[in-house]
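The values are calculated or read from the model by the stated rules, or taken from the named source; none is laboratory data. A quick note: this is a predicted structure, and the numbers were derived from the prediction, not measured. Note that each Cβ is placed from the backbone with ideal geometry, even for glycine, and that neighbours are counted across all protein chains shown. For the accessible areas, the whole protein counts, side chains as well, though only heavy atoms, and no ligand, DNA or RNA atoms are used. Shrake-Rupley method; radii C 1.70, N 1.55, O 1.52, S 1.80 Å.
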Amino acid sequence: MATVKFIAKRILYAAFGLFALSVFMFTISRILPGDPARMALGPRAPEWVVEQLREQLHLNDPIFKQYIIWLRDAVRGDFGESLYTRRPVMEDIKEFLPATTQLVMLAALIQISFGILLGIIAGRRRNSWIDNVTRVFAYIGVATPAFAVAILLLLLFGFVFDLLPTTGQLSMGMARPPVVTNMVLLDSLIAGNFPAFFDNLKHMILPAFSVCLAGMAQLTRITRVTIGENLRKEYIFASRGFGVPEWRIAFKYLLKPSLIPPVSLLGMQIGALFSNAFLVELVFNWPGFSRYGVNVMLRKDLNAITAVALVMGVIYITMNLLVDLGVGALDPRVRLGERNA
Amino acid sequence: MTTLQRIERASSRRDGFRRSWYRFSKNRLSVVGLVTVGIVVLLAIFAPYIAPYPKDAGAVVNFRHANEPPNWSHLFGTDDVGRDVLSRTIFGFRYSLMMGAVVLSIATPVGVVLGLLAGYMKGRWLDSVIMRITDIFLALPPLIMALLINAVLGPSLINAMIAMTIMWWPWYCRLVYGQVAVLRNETYVLAAEMGGARRPHLLLKEILPNCISSVLTKMTLDMAIAILLGASLSFVGLGAQPPTPDLGTMVASGSNFLPDFWWIAIFPVMAIIFTVLGFNLLGDGLRDFFAVEEQELDKQ
């Protein structure tokens with residue numbers, strides 16, 4: 001019962017957050033100077049045509065009514081037309097979002113596996129050389145913006161050692177597999193096209209590492225701290241004394257409580273991964289949602305900007321919801337609301 | 001504070017400073033951070049006197065020296081129109097620090113005041129209004145939201161700072177709110193309350209001074225994040241516009257000339273890492289410093 005209440009409360013918060021975000025984005029995109037109808041048609045369109053479009057876009061209605069109309073359309077997946085690509089924004093999202101999703105998912109996979117593994121090793125061998133290496137790595141990782149990581153990796157592995165491709169998601173001349181999910185990695189797998197699969201994977205290595213390096217550094221540090229703390233808990237000594245096998249202590253008694261802080265951190269880091277993708281996709285010319293986002297931002301394409309904000313908000317808030325539920329599963333105190341007391 | 005304590009405090013202030021410095025400097029990394037930040041601040045303040053070619057900070061063109069690799073007259077090389085990269089990097093510190101300082105000096109007071117108010121009005125409608133708005137802001141990815149707000153306002157250095165400030169104050173609000181919740185039940189606050197102290201006094205004289213250390217630590221660490229965020233906005237093309245020698249803008253234009261003219265982008269990148277690392281180390285040092293201080297106070 002308590003769990004159901006906990007989940008319901010979280011979902012309610014998430015829904016409210018999204019609603020507020022949509023109001024916020026809609027308001028700032030409408031109260032700013034500049035007439036969207038005029039911007040869409042250009043300065044030379046005659047006034048009556050502009051007036052017609054204004055009527056068609058409901059721009060003459062009071063703002064709250066405009067919002068309701070906009071919301072009604074948005075719920076149906078209609079965000080209007082992008083002034084940059086001259087297509088419905090939804091089509092752009094369908095085309096560009098999958099490439100970013102696959103990049104961020106690989107980055108998250110790398111970050112979680114490497115980050116937690118390094119953290120466990122460093123935590124179990126405090127002040128060893130590997131602990132010191134991860135410490136330096138963590139300091140530098142946190143201090144380096146994603147675009148800087150991208151540029152450094154690009155120079156190092158793309159040009160100095162010339163190991164990996166540095167631009168786009170497939171090599172020149174490599175045919176794109178038939179579109180099913182719009183994620184090239186999945187599509188090539190579905191088509192059974194393994195050369196394209198590995199080519200795509202190779203193109204993803206540098207961008208994925210650039211996206212997740214900072215998060216990996218943070219994750220390593222926090223895992224190291226909690227592992228180190230829990231390693232000195234009495235129940236670990238007690239289990240050892242009772243002769244519980246070391247692997248069982250490690251996985252069952254040590255890892256579970258130690259993973260609570262790292263998992264809570266992950267929620268924020270999903271947002272950071274998408275944020276970093278905004279910067280990294282530019283460097284590697286990755287044809288994803290973030291590059292699209294930056295392009296519409298630079299062109300002040302309000303329909304698309306609002307849609308990008310909402311899509312990012314939905315992803316971020318949903319991920320945080322999942323992470324909250326995950327932490328609840330790991331930590332009964334959170335689930336039962338003891339922490340708030 | 002009693003008179004006796006006051007006298008004691010005055011006579012031992014010098015001593016206290018020395019002791020504090022000893023504790024702070026025990027961690028070598030904190031000192032490294034302090035020195036790094038000091039160097040960056042000095043370079044930024046005296047940029048026109050230190051930079052070898054101060055005129056290159058602006059829109060100067062000198063095609064005869066374009067794209068020169070690092071050499072003795074241009075230690076960091078020159079960019080695509082022949083400007084000295086070292087000089088521009090030194091001026092770049094100014095913009096980075098200015099962005100961080102402006103954003104924090106607006107966001108911090110706003111967040112602190114709202115956090116104090118909400119914390120004190122706990123359970124009333126004002127508390128819920130402030131904290132729900134804060135929660136919404138905290139539930140959104142800051143970089144992407146700053147990018148979007150910046151985009152809607154239009155690309156410029158000022159708008160980048162406005163966008164960052166809009167996304168920043170909630171963190172301070174949350175921090176102070178949490179602190180107030182803890183501190184308002186401390187004995188000295190309850191004692192003052194029972195002694196008939198009014199709310200403004202309790203908030204400003206009893207609770208606020210005890211939040212300062214955590215706010216200060218957060219500001220130092222946030223300076224690092226603000227510099228990163230500012231550089232990212234400029235890198236995307238929404239923040240400072242060329243020819244402003246902003247570090248992010250320089251990296252963006254320099255990255256067009258990779259890999260052949262690598263020095264145009266790499267040195268500003270290094271400058272960003274250097275600055276951010278300095279503030280991070282200093283912030284970590286301060287956090288440990290204040291944490292130890294609190295433990296010592298608890299013991300007394």
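Counting only whole DSSP H helices of chain A, the ones at least 27 Å long by C-alpha along their axis and with mean Kyte-Doolittle hydropathy no lower than 1.0 are A:2-31, A:89-124, A:260-284, A:302-330. The order of the peptides A:251-259, B:145-153 by mean Cβ neighbours within 10 Å, most packed first, is B:145-153, A:251-259. Within region A:138-238, the chymotrypsin sites (Phe, Trp or Tyr not before Pro) that combine a DSSP coil assignment with at most 16 other C-beta atoms in a 10 angstrom radius are A:Phe161.
Tell me which GluC sites (Glu not before Pro) from region A:242-341 have a DSSP coil assignment and no more than 12 other beta carbons within 10 Å of their own. Hits after loop and neighbour filter: A:Glu338.
How high is the FRET efficiency from A:Phe194 to A:Val160, r the C-beta distance, R0 22 Å, rounded to 0.05?
On the way: r = 29 Å, r/R0 = 1.32.
E between A:Phe194 and A:Val160, to the nearest 0.05, is 0.15.
Please enumerate, by chain and number, the lysines with C-alpha under 24 Å from the C-alpha of A:Lys94, excluding those fewer than 8 residues away in the same chain. Within the straight-line cut-off, A:Lys94 pairs with A:Lys202, A:Lys300. A simple count of charges around B:Thr36, restricted to other residues whose Cβ falls under 15 Å of its Cβ and scoring Lys, Arg +1 and Asp, Glu -1, yields 0. Partner lysines whose Cα lies under 22 Å from the Cα of A:Lys252, excluding those fewer than 8 positions away in the same chain, are identified as A:Lys233.
Quick check: at a probe of 1.4 Å, how many percent of the accessible area of the protein assembly as shown sits on carbon and sulfur atoms? List each step's numbers first, then the result.
On the way: 20900 of 31580 Å².
After summing per-atom areas, the C and S share lands at 66 percent.
Given the rule -39500 (n - 2.57) for each run of at least 4 DSSP H residues, summed and divided by the residues of chain B, what is its mean residue ellipticity at 222 nm, to the nearest 500 deg cm²/dmol? Write down the numbers at each step before the final one.
Values: 12 runs with 215 residues, N = 300.
So the helix-based figure for chain B works out to -24000 deg cm²/dmol.
If I fit a long axis through the Cα atoms of helix B:125-138 and take the longest principal axis of the Cα atoms of chain B, what angle between them do I get, 0 to 90°, rounded to 10? The angle comes out near 30 degrees.
Ignoring the sites themselves, what is the longest stretch of chain B with no trypsin sites (Lys or Arg not before Pro) in a DSSP loop and at most 16 other beta-carbon atoms within 10 Å? The partial results should precede the final answer.
Working: sites that count: B:Lys26, B:Lys122, B:Arg124, B:Arg198.
Longest run free of exposed loop sites: B:199-300.
Taking Lys and Arg as +1 and Asp and Glu as -1, the other residues whose beta-carbon sits under 12 Å from that of A:Ser239 total +2. Averaged over the residues of peptide B:151-161, the number of Cβ atoms from other protein chains lying within 10 Å of each residue's Cβ is 3. Ordering A:325-332, A:18-25, B:221-228 by mean Cβ neighbour count within 10 Å, with the highest value first, yields B:221-228, A:18-25, A:325-332. Near B:Thr78, the amide H atoms lying under 5 Å from its own belong to B:Asn67, B:Glu68, B:Val85; only residues 5 or more places off or on other chains count, and H is placed 1.01 Å from N.
Taking every residue in B:257-263 and counting other chain Cβ atoms within 10 Å of its Cβ, the average works out to 3. What is chain A by shape, rounded, prolate or oblate, if you read a ≥ b ≥ c off the alpha carbon gyration tensor as root eigenvalues and call it rounded for a/c under 1.5, prolate for a/b larger than b/c, and oblate otherwise? Oblate. Solvent-accessible area per residue in the protein assembly as shown equals 49 Å², computed with a 1.4 angstrom probe and all protein chains kept.
Note the angle between two axes, namely the Cα long axis of helix B:85-120 and the longest principal axis of the Cα atoms of chain B, as a number of degrees from 0 to 90, rounded to the nearest 10. For helix B:85-120, the angle is close to 20 degrees.
Pairs of lysines 8 or more apart, or on different chains, with alpha carbons under 22 Å: count those in chain B, would you? Write down the numbers at each step before the final one.
Working: B:Lys26/B:Lys218; B:Lys26/B:Lys299; B:Lys122/B:Lys205; B:Lys205/B:Lys218.
Lysine pairs satisfying the spacing and distance rule in chain B number 4.
Taking 0.36 nm per residue of sequence separation and removing the Cα-Cα distance, the A:Leu231/A:Arg126 pair yields an extension gain of 36.7 nm. For the protein assembly as shown, a/c is less than 1.5, where a ≥ b ≥ c are the root eigenvalues of the C-alpha gyration tensor. That puts it in the rounded class.
Between A:Arg10 and B:Leu190, the modelled label-to-label distance comes to 3.5 nm, taking each label 7 Å out from Cα in the direction of the beta carbon.
To the nearest 0.05, how large is the calculated FRET efficiency for B:Val60 and A:Arg44 if R₀ is 41 Å and r is the Cβ-Cβ distance?
On the way: r = 38 Å, r/R0 = 0.92.
The formula returns an efficiency of 0.60 here.
Under 14 Å from the Cβ of B:Trp168, count the other residues' Cβ atoms, weight Lys and Arg +1, Asp and Glu -1, and hand me the total. Walk me through the intermediate numbers first.
Details: positive: B:Arg174, B:Lys218; negative: B:Asp222.
Taking every other residue near B:Trp168 into account, the sum is +1.
Computed from protein heavy atoms with a 1.4 Å probe, the total accessible area buried between A and B is close to 3500 Å². Around the Cα centre of chain B, unit charges on the Cβ atoms of Lys, Arg, Asp and Glu (plus for the first two, minus for the last two) sum to a dipole of about 920 debye.
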